[in-house]
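These notes are about the structure you will find just below.
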Amino acid sequence: MANKKPFGGMPGGMGNMNQLMKQAQKMQQQMEAAQEALEQRTLEVTSGGGAVKIVISGKKELQEIVISPDVVDPDDIEMLQDLVLTAVNEAIRAADELSQNEMGKITGGLNLPF
């Protein structure tokens, strides 16, 4: 029974556990800083060749919606609704992509929830 490794075969015992905890704390701090930075960033997305512009934050909060007067046609409200819907969905997708890219830099590609 000689040469038993502590903690179920983990080499180094508590030393490795402490190192792992330090790495986890560092990653958590980096993620918190990145999330704060994302909250400060904004993205601008357009649809309809610029007829509708959406500004969204990294927190996925709409900051601004600008609609060109040229696209406002009382006889074709459906087109305007489609342009706004397209722009908002693209803005959300862009904010998600930005978040995934920034967090991926920290997590090294681990698929963690944010």
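Are any of the residues in segment 53-64 out of contact with any Asp or Glu (no Cβ under 9 Å at 6 or more places or on another chain), at pLDDT 95 or above and among the β-branched types (Val, Ile, Thr)? No, that holds for no residue.
Do you know which of the residues in segment 37-66 that are hydroxyl-bearing (Ser, Thr, Tyr) and touching a residue at least 24 places away in the same chain (Cβ under 8 Å) is surrounded by the most Cβ atoms within 10 Å (Cβ to Cβ)?
Of segment 37-66, the ones hydroxyl-bearing (Ser, Thr, Tyr) are 42, 46-47, 57.
Next cut, touching a residue at least 24 places away in the same chain (Cβ under 8 Å) only: 46-47, 57.
Numbers: Thr46: 17, Ser47: 20, Ser57: 16.
The extreme case among them is Ser47.
The conditions are (1) open to solvent by less than 30 Å² (accessible area, probe 1.4 Å); (2) over 12 Å from the mean Cα position of the chain (by Cα), and Pro69 fails exactly one of them. Which is it? All conditions pass for Pro69, except number (1). Contact annotation: residue pairs with Cβ atoms under 9 Å, 6 or more positions apart or on different chains, pairing a residue in segment 67-79 that is part of a strand (DSSP E or B) with a partner that is of a type in the set (D, E, K, R), are Ile67/Lys53.
Close contacts from segment 1-29, counting a first residue that is of a type in the set (Gly, Ala, Ser) and a second that is in a helix (DSSP H, G or I) and at pLDDT 55 or above, with Cβ to Cβ under 9 Å and a gap of 6+ residues or different chains, come to Gly12/Gln19.
Among the residues of segment 66-81, those identified as under 15 Å from Lys53 (Cβ atoms) and of a type outside the set (A, V, I, L, M, F, W, C) are Ser68, Pro69, Asp70. Checking the stated criteria, Ala87 turns out to be surrounded by 14 or more Cβ atoms within 10 Å (Cβ to Cβ) and not acidic (Asp, Glu).
The values are calculated or read from the model by the stated rules, or taken from the named source; none is laboratory data. Treat the numbers as computed from the prediction; the structure is a model and nothing was measured. Don't worry about glycine lacking a Cβ; one is built from the backbone with ideal geometry, like all the others, and counts go over all protein chains shown. Heavy atoms of the whole protein, side chains included, go into the accessibility calculation; ligands, DNA and RNA do not. Shrake-Rupley method; radii C 1.70, N 1.55, O 1.52, S 1.80 Å.
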